[in-house]
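Report on the following structure.
A short reminder: the numbers here are calculations on the coordinates, not readings from a lab. Only a predicted model underlies this, so the values are computations on that prediction, with no experimental measurement involved. Heads up, the Cβs are rebuilt from the backbone with ideal geometry, glycines too, and the neighbour counts pull from every protein chain shown.
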Amino acid sequence: MGWRYATKKFDATRKIPQAEWAALEDALVLSPSSFGLQPWKFLVLTDQAKKDALVPVSWGQTQIAEASHVVVFAVRHPLGEADVRAHIDRTAEVRGISRDDLKAFEDIVLGFVGRPAETFDVRSWCARQVYIAMGTFMTAAALLGIDTCPMEGIDPAAYDRILGLEGSGYQTLAACPAGYRDPADKYATLPKVRFPKDRVIIHLH
């Protein structure tokens, strides 16, 4: 974690090996989420023309074009009963149990996500789950010596249009280029600015 940083300039000549990229995709799939609902899609971009097209709608940030891969994190919206039922179906399938055994859990989840909009913003809740996945992805990348740069400085609606997400039930939330830092990126050697441990960690006895 001391080695990683929000990479400002990638080496466009270096590509992530397939085996390591497969490991990062596994990390995305295995990311935790509340109730295990996984309210997300991860769009992986390697096509140069597609990446180039996203730069103007990314505040001109060139990391999108330079990186080996770009992951676009999309949030499920609206999340509804069908999504909960799909998760219950998958749970029963994977664990080899009866769907009836999961009825009580299903009712709890349906009651939680089905609360009135005036008391519960389900999209914001889903978005927080997606950010957990992005953090998991970035940490896994750092462990493999792969650089990343989380980016909210984008036009989500334009991303949806360019990537064909309009009407899909998923909306762009953030993007994260991944690859290898350019040796000329001065930000790679700047001291990491964090508050001291005794300011942010409280030990309760």
Inside the range 141-179, the number of residues satisfying the requirement of being under 18 Å from K50 (Cα atoms), out of contact with any strand residue (DSSP E or B) (no Cβ under 8 Å at 6 or more places or on another chain) and touching a residue at least 40 places away in the same chain (Cβ under 8 Å) is 4
Inside the range 170-205, can you point out the residues that are over 21 Å from F10 (Cα atoms) and assigned to a strand (DSSP E or B)?
Y170, Q171, T172, L173
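Determine whether the range 75-83 contains at least one residue that is surrounded by 15 or more Cβ atoms within 10 Å (Cβ to Cβ) and in a helix (DSSP H, G or I).
The first filter runs over the range 75-83 and keeps only residues surrounded by 15 or more Cβ atoms within 10 Å (Cβ to Cβ), leaving 75-77, 79, 83.
So of that shortlist, the ones also in a helix (DSSP H, G or I) come out as 83.
Yes, the range 75-83 has at least one match.
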From D107, D89, D155, D100, grab the single residue that is closer than 30 Å to W3 by Cα and acidic (D, E).
D155
Residue hits (the range 128-169; acidic (D, E) and assigned to a strand (DSSP E or B)) are D147
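Considering only residues that are under 22 Å from R90 (Cα atoms) and of a type in the set (D, E, K, R), look in the range 18-36 and name the one that is surrounded by the fewest Cβ atoms within 10 Å (Cβ to Cβ). Outline the logic, then answer.
Taking the range 18-36 and keeping what is under 22 Å from R90 (Cα atoms), we get 25-36.
Filter once more, so that each one left must be of a type in the set (D, E, K, R): 25-26.
Working: E25: 15, D26: 11.
The residue in question is D26.
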What are the residues in the range 98-121 that are surrounded by 10 or more Cβ atoms within 10 Å (Cβ to Cβ) and either in contact with a Pro (Cβ under 7 Å, 6 or more places away or on another chain) or not in a helix (DSSP H, G or I) (or both), if any?
G114, R115, F120, D121
